[in-house]
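The block underneath contains the structure these notes are about, expressed in structure tokens.
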Amino acid sequence: MKLSESIKPISYLKAHASELIREISDEHKTLIITQNGEPKVIVQDLESYEQTQESLALLKMLAQSSKSKREGNYRTIKQSFRNLRVCIKELK
């Protein structure tokens with residue numbers, strides 16, 4: 001998808017809303033809407049939005065894991081399983 005084809009003025013969105021929604025949804029496109037010649041908002045299908053949010057969440061988890069490891073805030077697998085066994089014994 002060419003970026004130049006995905007930029008539309010707000011007047012175009014107003015005049016062709018249902019057509020654009022169908023196209024964006026069917027083709028998983030992202031549309032940039034301009035106002036007074038400047039980009040203002042992005043319109044995209046729900047599936048693409050959800051995928052983006054999931055990717056961001058995973059990246060945040062990876063960043064937090066790296067930070068925790070650098071700071072020494074982690075347990076080895078051996079320690080984790082040892083703690084689980086202790087918890088399980090306490091429940092019995």
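The values are calculated or read from the model by the stated rules, or taken from the named source; none is laboratory data. Just so you know, these numbers come straight off a predicted model, no measurement behind them. Virtual Cβ from ideal backbone geometry, glycine too; neighbours counted across all protein chains shown.
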_Looking only at the range 6-48, and only at residues there that are acidic (Asp, Glu) and in contact with a Lys or Arg (Cβ under 9 Å, 6 or more places away or on another chain), the one that is surrounded by the fewest Cβ atoms within 10 Å (Cβ to Cβ)_ = Glu23
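Quick one: is Asn36 at positive phi and of a type in the set (S, T, N, Q)? Quick ask: steps written out before the conclusion?
On the way: at positive phi: yes; of a type in the set (S, T, N, Q): yes.
Taking the combined requirement at face value, the residue satisfies it.
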_Residue pairs meeting the criteria (Cβ under 8 Å; at least 6 apart or on separate chains; first of a type in the set (D, E, K, R), in the range 39-56; second modelled with pLDDT of 95 or more and not in a helix (DSSP H, G or I))_ = Lys40/Ile33; Lys40/Thr34
